[in-house]
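Working notes for the structure below.
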Amino acid sequence: MNPAPFLLIAVVALLLAFALGGQSARGWLAGLLTGGGGLATAALGVLLDGSPWDWHARFALGGETVHLRLDAVSAMFLLLIAVIGAAGGVYSLTYWGNDEHPRSAGTGRRWWSALVLCMALVVNCTNGLHFLIAWELFALAAYPLVTLDRKNREARAAGWLYLAASHAGTLVLFVFFGALAAKTGSWELGDLRSRPEVAPLFWLAMFGFGVKAGLFPLYIWLPSAHANAPSHVSAIMSGVAIKMGIYGIVRFGGWLPVNTTQALSLIGLATLGTVLGIAFAHAQNDLKRLLAYCSVENVGIILIGVGAALLGQANGHPDWGRLALAGALLHVWNHGLFKSLLFLGSGSVLHATGTREMTQLGGLWRKMPWTASLFAFGSAAISALPPLNGFVSEWLIYQGLFRLGLSHAAGTWAALVAGIGLAVAGALALACFVKLCGVVFLGAPRTPVAAHAHECGTGMRRPMLVLAGVCLAVGLLPVLVRTPLEHAVAAWCLAGDATAFALPLAPLARAHLALGAALVVGAILLFRRIRGGVVRRLTWDCGYAAPAARMQYTSGALAGWTISWFRWALWPVKKWHRLDTTLPRDAAWEERTPETVLERIVQPVARALCWLGVQTRRTQHGRLQLYILYLVLGLLALTFMALGGGMK
């Protein structure tokens with residue numbers, strides 16, 4: 001199937017949606033859904049067929065002929081853009097509608113269309129100059145969405161931090177693409193594994209794309225941006241936008257001659273980010289900030305798989321890492337689905353209560369049964385519990401690491417370390433989401449806003465149901481994604497390396513179907529037992545005859561053991577009012593986990609540079625006699641240096 005007509009329809013529809021965004025919500029939605037449908041159809045055609053699509057335009061941009069290419073690798077990302085872009089757009093009409101946000105709703109719809117279109121261009125460009133243009137447009141389109149709530153000071157600050165970090169990464173990518181063009185003599189992108197002179201450029205690619213992806217420790221913009229942006233924006237930023245950075249690492253990791261040291265460095269940073277990302281998440285009390293740090297963890301999981309594939313390639317055996325690469329590409333999809341579901345669920349909670357602080361919530365399951373159930377479903381998926389989709393992709397990554405470790409090649413000890421890191425992160429993730437669901441949805445309401453919460457409307461519920469349905473389908477029937485994944489892995493490998501490759505998903509599908517059937521039967525029996533009548537008795541009340549909401553465990557209490565284990569990385573800040581009398585009137589205890597990399601490293605360095613700049617400016621005072629003195633001192637220094645060199 002030729003995807004060109006569908007891509008053309010998608011571009012026209014998204015441009016129309018951008019034009020109508022500020023005027024007609026229905027017209028914008030029609031354009032967005034048509035554009036998303038066109039992108040999804042084009043991507044599915046390439047994924048199922050496996051044949052790439054190339055288009056050379058008859059016109060030039062910036063002196064370079066426009067060249068677009070859609071293969072199975074880029075189609076994996078394009079399909080995700082289409083699905084999350086459409087689901088988040090439908091959700092936003094209710095969540096950020098004209099009635100509650102008359103000034104910003106239309107603006108948000110416009111920039112949403114622009115963001116979807118620019119991300120689609122990024123994954124289709126095969127010219128370095130045009131890739132940079134699309135990349136910068138994509139970064140700029142996200143900024144108005146992050147700062148959509150202009151009255152929120154924290155949102156504005158998060159937007160500026162995002163913009164500064166994005167431009168720092170883009171500046172590095174300018175150097176990367178410029179050096180690549182200088183060494184190859186062309187801006188055209190493609191397979192360069194036979195050009196060892198471009199191998200050092202992978203470090204630039206890893207930094208530039210790693211900033212956008214949220215690779216540890218380059219994630220400094222991510223927690224505040226995802227936490228303070230509107231929830232549907234957080235969904236597309238976490239579910240799709242950071243995947244553009246992963247796309248860059250995957251794409252150029254396959255094109256460049258990556259060596260063992262570079263592959264091991266990627267695996268090491270990814271493993272560290274996986275463990276510390278979920279540790280930071282567990283220590284959070286802000287619901288959306290917790291989900292944001294989970295993105296750092298899942299980016300690490302994806303890049304562990306990519307690093308394993310690069311390590312196998314560096315050892316001359318790309319087949320060793322194919323399972324890990326397939327798991328990484330599937331986890332790109334899975335994370336986009338369940339993380340978008342969780343952010344949309346958090347938006348429903350925020351819409352109903354007006355707060356993101358978990359200690360202000362509680363008991364929401366009775367008030368918001370649909371949201372609570374879908375959120376619990378997403379929590380199980382992100383915790384990689386079978387038979388859901390998160391388990392499928394992580395199982396493939398584990399299988400790839402085992403295969404790589406058994407090869408006994410150079411550097412394969414990293415597979416063992418990465419496997420241990422994945423296991424630790426998996427346990428922490430389960431504990432983290434047990435804490436989240438327990439504090440937010442179970443127990444008794446802690447505040448009046450939680451007691452008076454209300455369920456979200458169908459306009460917000462339907463996109464969450466669609467995302468949950470896709471998660472369930474991938475989990476129960478992973479064979480559905482086998483052909484697209486095999487084509488994507490074959491497209492990533494060299495033509496000579498694309499030997500017969502089949503993913504072992506059929507046994508997993510049978511096991512998941514059996515487990516799913518058992519869970520359904522168990523749920524039916526439990527429901528019948530409950531309907532048959534439940535005898536209520538008093539339980540042991542720990543000596544309290546009248547329990548209150550204040551007696552429940554808090555978010556900080558449930559995270560205390562994690563904070564103590566990872567104190568060396570979290571650096572928690574404690575504030576308390578000491579008890580100085582026998583019967584004190586009041587007591588206070590507060591513990592906060594700062595943004596360690598940002599607050600402890602980046603900001604002090606930035607302040608030091610600013611101070612140095614201020615001190616340097618003082619030399620520019622306009623006094624001619626002192627300028628002459630500077631010249632004389634400089635000449636004397638050069639003279640002494642020359643004399644010292646002559647004496648030697």
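Table for the structure above
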quantity	calculated
Of all residues in segment 184-201 being assigned to a helix (DSSP H, G or I) and surrounded by 14 or more Cβ atoms within 10 Å (Cβ to Cβ), the one that is modelled with the highest pLDDT	201
Some residue of segment 628-636 being modelled with pLDDT under 75 and either in the same structural domain as residue 275 (by TED's automatic domain parsing) or surrounded by 10 or more Cβ atoms within 10 Å (Cβ to Cβ) (or both)	no
Failed criterion for residue 62 (all others in (1) under 18 Å from residue 190 (Cα atoms); (2) surrounded by fewer than 22 Cβ atoms within 10 Å (Cβ to Cβ); (3) touching a residue at least 24 places away in the same chain (Cβ under 8 Å); (4) not charged (D, E, K, R) hold)	(1)
Of all residues in segment 375-392 being of a type in the set (S, T, N, Q) and part of a helix (DSSP H, G or I), the one that is farthest from residue 479 (Cα to Cα)	379
Residues within segment 59-84 that are in a helix (DSSP H, G or I) and of a type in the set (A, V, I, L, M), tallied	11
Single condition residue 212 does not satisfy, out of (1) modelled with pLDDT of 90 or more; (2) over 18 Å from the mean Cα position of the chain (by Cα)	(2)
Condition broken by residue 408, with the remaining ones in (1) free of Cβ contacts under 8 Å to residues at least 24 places away in the same chain; (2) outside any loop (DSSP other than H, G, I, E, B); (3) closer than 22 Å to residue 324 by Cβ satisfied	(2)
Residue check, residue 106 surrounded by fewer than 23 Cβ atoms within 10 Å (Cβ to Cβ), in contact (Cβ under 8 Å) with a residue 40 or more places away in the chain and over 28 Å from residue 246 (Cα atoms)	yes
Index of the failed condition, residue 55 passing every other in (1) assigned to a helix (DSSP H, G or I); (2) surrounded by fewer than 19 Cβ atoms within 10 Å (Cβ to Cβ); (3) of a type in the set (A, V, I, L, M, F, W, C)	(1)
Some residue of segment 145-163 being assigned to a helix (DSSP H, G or I) and under 20 Å from residue 15 (Cβ atoms)	yes
Residue match in segment 355-362 (condition: modelled with pLDDT of 85 or more, more than 20 Å from residue 548 (Cα to Cα) and either of a type in the set (Lys, Arg) or not assigned by TED's automatic domain parsing to the domain that holds residue 268 (or both))	yes
Any chance residue 372 is assigned to a helix (DSSP H, G or I), among the aliphatic types (A, V, I, L, M), over 24 Å from residue 234 (Cα atoms) and modelled with pLDDT of 90 or more	no
Lone unmet requirement of (1) crowded, with 22+ Cβ neighbours inside 10 Å; (2) under 29 Å from residue 447 (Cα atoms) for residue 387	(2)
Extreme residue, farthest from residue 559 (Cα to Cα), among residues of segment 242-278 that are in contact with a helix residue (DSSP H, G or I) (Cβ under 6 Å, 6 or more places away or on another chain) and among the small types (Gly, Ala, Ser)	254
Criterion (more than 23 Å from the chain's Cα centre (by Cα), of a type in the set (A, V, I, L, M) and at negative phi) met by exactly one of 374, 361, 342, 329	361
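Let's see how each residue does on (1) surrounded by fewer than 24 Cβ atoms within 10 Å (Cβ to Cβ); (2) in contact (Cβ under 8 Å) with a residue 12 or more places away in the chain; (3) more than 10 Å from the chain's Cα centre (by Cα):
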| site | (1), (2), (3) |
| --- | --- |
| 270 | no, yes, yes |
| 275 | yes, yes, yes |
| 280 | no, yes, yes |
| 289 | yes, yes, yes |
| 292 | no, yes, no |
| 297 | no, yes, no |
| 300 | no, yes, no |
| 303 | no, yes, yes |
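The values are calculated or read from the model by the stated rules, or taken from the named source; none is laboratory data. Computed from a predicted model, the values in this text were never measured in an experiment. Using ideal geometry, Cβ is built from the backbone for each residue, glycine included, and neighbour counts are taken over all protein chains shown.
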